[in-house]
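Remarks on the structure that follows.
The values are calculated or read from the model by the stated rules, or taken from the named source; none is laboratory data. Note that the structure is a prediction, hence the values are computed from the model and not measured. Neighbour counts are summed over all protein chains in view; Cβ atoms, including those assigned to glycine, are modelled from backbone coordinates with ideal geometry.
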Amino acid sequence: MDVTNNTTTTLNNSENNSPLANFGQDVKAASLEFVGTAFFLLIGLGGIQAAASNEGSGVEKTMFVATSMGLSLLTSAWLFYRITGGLFNPNISLALWMIGGISTIRFILYCIAQLAGGVAAAAIVRGLAPGQFLVKCGRFWKSFRFCTHLFIVSVYLQNHTTHVQGVFIEMFITSALVMAVLMLAAEKHEVTPFAPVSSAWLLTDGTS
């Protein structure tokens, strides 16, 4: 019995099973996830700022914003899904990690990259968009001094919508988006290349 070969094989298997075995690839994927997230939100936030800076009815502006976000996600996901999966959202990353679709290291790196990509996109739009940013702060944020023109977009509840209703609305929309990604993208089949269409449609509908 060759104990040396068995020991070498065991050590090699242990190295392959190490969480850091594919760290280099995880960093590359996270870097591209940062680029993809920034690209997605750059177009989406640019559309929001364009809608806020021009005259029009509330319905027109809402549909413009929803279409901008949906088409931005569609384009970005189709560009990056073969490289990083085109997640662009920590919620999606969490769902894929929970089903074993991505490793723990990649999940952490993806979340960092996605948050950083969002900050970068907001900074770029703030630096390039003309005029003053229009911000509407919710009742909670009005008590803070930083509720000024520092932010391009603020999340707030519409009139007569309670905080409980807002939580459940956000929960159902996010759940639908996660389910679309899991059923159409993570579960491989003949319609997987068209998964970005479903995700973009859900984002458009949820934004409106």
For region 117-130, state whether one or more residues are in contact with an Asp or Glu (Cβ under 9 Å, 6 or more places away or on another chain) and either at pLDDT 90 or above or among the aliphatic types (A, V, I, L, M) (or both). yes
Region 40-79: number of residues that are buried (at least 22 other Cβ atoms within 10 Å of the Cβ) and under 18 Å from A185 (Cβ atoms): 6
Pick from region 32-49 the residues that are within 14 Å of the chain's Cα centre (by Cα) and among the small types (G, A, S): which of them is farthest from V65 (Cα to Cα)? G36
Output for Cβ contacts, cut-off 6 Å, separation at least six or different chains, first residue within 18 Å of G100 (Cα to Cα) in region 10-27, second of a type in the set (V, I, T) and at pLDDT 80 or above, reads P19/I105; D26/I105
Confirm whether A113 is small (G, A, S), at pLDDT 90 or above, on the phi < 0 side of the Ramachandran plot and surrounded by 15 or more Cβ atoms within 10 Å (Cβ to Cβ). yes
Answer yes or no as to whether G101 is more than 15 Å from the chain's Cα centre (by Cα), in contact (Cβ under 8 Å) with a residue 60 or more places away in the chain and outside any helix (DSSP H, G or I). yes
